[in-house]
């Protein structure tokens, strides 16, 4: 699990969120080199990993037990373009 608290809003610069390249505090879900959000590397970004889970470690926790495939793709693509 984890408990990183942040809001991804359009008007907050990413550098001010303190999540870029930050190592997880509560486990890496078996991902070598995992970070909360790693620009250009969605496969190492726990934001994406936790969006694909259906257990209590999922993100966001509220809502459903169904993975939002469109949302995962959107965030994956966004993280990918951050590395350019």
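Taking into account only those residues within segment 45-71 that are assigned to a helix (DSSP H, G or I) and within 9 Å of the chain's Cα centre (by Cα), which is surrounded by the most Cβ atoms within 10 Å (Cβ to Cβ)?
Per the criteria, the residue is 46.
Kindly list the number of the only condition in (1) surrounded by 12 or more Cβ atoms within 10 Å (Cβ to Cβ); (2) modelled with pLDDT of 90 or more; (3) within 16 Å of residue 8 (Cβ to Cβ) that fails for residue 77.
(1) is the only condition that residue 77 fails.
Being at positive phi and touching a helix residue (DSSP H, G or I) at 6+ places or on another chain (Cβ under 9 Å) narrows it down to one of 71, 21, 80, 40, so name that one.
After ruling out the rest, the residue left standing is 40.
Out of curiosity, is residue 39 in a loop (DSSP other than H, G, I, E, B), in contact with a strand residue (DSSP E or B) (Cβ under 9 Å, 6 or more places away or on another chain), modelled with pLDDT of 90 or more and surrounded by 12 or more Cβ atoms within 10 Å (Cβ to Cβ)?
Spelling it out, residue 39 is indeed in a loop (DSSP other than H, G, I, E, B), in contact with a strand residue (DSSP E or B) (Cβ under 9 Å, 6 or more places away or on another chain), modelled with pLDDT of 90 or more and surrounded by 12 or more Cβ atoms within 10 Å (Cβ to Cβ).
The values are calculated or read from the model by the stated rules, or taken from the named source; none is laboratory data. Please read these numbers as outputs of a predicted model, since none were measured by experiment. Neighbour counts are summed over all protein chains in view; Cβ atoms, including those assigned to glycine, are modelled from backbone coordinates with ideal geometry.
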